[in-house]
Amino acid sequence: MKLDMYEFCTTELQQKLSPMRTKFKEQEEKKMAQKAKLIAEGKLLGPKLAGAAAIPKKDENVEYEPFQFEDDVGSNNSGYYELAAVLTHKGRSSSSGHYVGWVALKNGEWAKLDDDKVTLVTEDQILKLSGGGDWHVAYILLYAPRRLEKMREEEEETPPTAEETSDVPMETADSADPPPPPPTN
């Protein structure tokens, strides 16, 4: 469902696209390393998750890198696109039949817009829109720029070593709050 237009660009444009494409590759490598780590720890078993140790769901407040060049509004600074919507026709001729819209949602789900009936479908069903007989034939494919999530700097928390804590004074009775009175029976 992805489209890479890099090879169809001029050499000059390819050079302008390279920095953002490098960021995409770096992020994909990080995600693969995280997935491999989860598999090695037994927290991820192929497509199924083991127990409650799931990959965290995507944050609703995700920030994205800019997808266009600053000096060219509406451009794409990576050359990567993803399928955002499809308009199909189902029927034997253009004068008879039925048009249906398909719109990408989050996490690989799509909405099938069939007149006033809206249903959720999977990416696999979108891939089957190849026509044949009386099946849906794609008339219009709408692509949008792929968005690159801004990576958060995750600091690994490591406990302090004995050397790091040896010079830290312990609380004294004067500096701490007084202990609570003993319970009465």
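Looking at (1) modelled with pLDDT under 85; (2) over 13 Å from Val86 (Cβ atoms), can you tell me which one Pro145 breaks?
(1)
I'd like to verify a number: residues in the range 88-127 that are of a type outside the set (Ser, Thr, Tyr) and closer than 25 Å to Arg147 by Cα, how many?
Residues in the range 88-127 being of a type outside the set (Ser, Thr, Tyr) and closer than 25 Å to Arg147 by Cα: 20 in total.
Pick from the range 105-136 the residues that are among the charged types (D, E, K, R) and surrounded by 10 or more Cβ atoms within 10 Å (Cβ to Cβ): which of them is farthest from Thr88 (Cα to Cα)?
The selected residue is Glu109.
Starting from the range 70-84, take each residue that is touching a residue at least 12 places away in the same chain (Cβ under 8 Å) and on the phi < 0 side of the Ramachandran plot and list its partners that are of a type in the set (Ser, Thr, Tyr) and assigned to a strand (DSSP E or B), counting only C-beta distances under 8 angstrom and pairs at least six apart or across chains.
Going by the 8 Å Cβ cut-off, the qualifying pairs are Tyr81/Tyr143; Glu82/Tyr143; Leu83/Tyr143; Ala84/Tyr143.
Can you pull out the residues in the range 1-41 that are of a type in the set (Val, Ile, Thr) and in a helix (DSSP H, G or I)?
Result: Thr11, Thr22, Ile39.
Take the residues in the range 81-92 that are more than 11 Å from His136 (Cα to Cα) and surrounded by 14 or more Cβ atoms within 10 Å (Cβ to Cβ), then tell me which one is farthest from the chain's Cα centre (by Cα).
Looking at the filtered set, the residue picked out is Ala85.
Which numbered condition in (1) of a type in the set (S, T, N, Q); (2) exposed (fewer than 10 other Cβ atoms within 10 Å of the Cβ); (3) in contact with a helix residue (DSSP H, G or I) (Cβ under 9 Å, 6 or more places away or on another chain) is the only one that Ser95 fails?
(3)
Go through Asp116, Asp177, Asp134, Asp167 for me and flag whichever is modelled with pLDDT of 90 or more, of a type in the set (Asp, Glu) and over 30 Å from Phe24 (Cβ atoms). Quick ask: steps written out before the conclusion?
Working: Asp177 fails: modelled with pLDDT of 90 or more; Asp134 fails: modelled with pLDDT of 90 or more; Asp167 fails: modelled with pLDDT of 90 or more.
Just a single option satisfies the conditions, and that option is Asp116.
Starting from the range 110-125, keep only residues that are at negative phi, then list their pairs with residues that are basic (Lys, Arg) and surrounded by 14 or more Cβ atoms within 10 Å (Cβ to Cβ) whose Cβ atoms are within a distance under 9 Å, requiring at least 6 positions of separation or different chains.
Val118/Lys112; Thr119/Lys112; Leu120/Lys112; Val121/Lys112; Gln125/Lys112
The values are calculated or read from the model by the stated rules, or taken from the named source; none is laboratory data. Everything numeric here is computed off the predicted structure, so don't read it as measured data. Note that we place each Cβ from the backbone using ideal geometry, even for glycine, and neighbour counts take in every protein chain shown.
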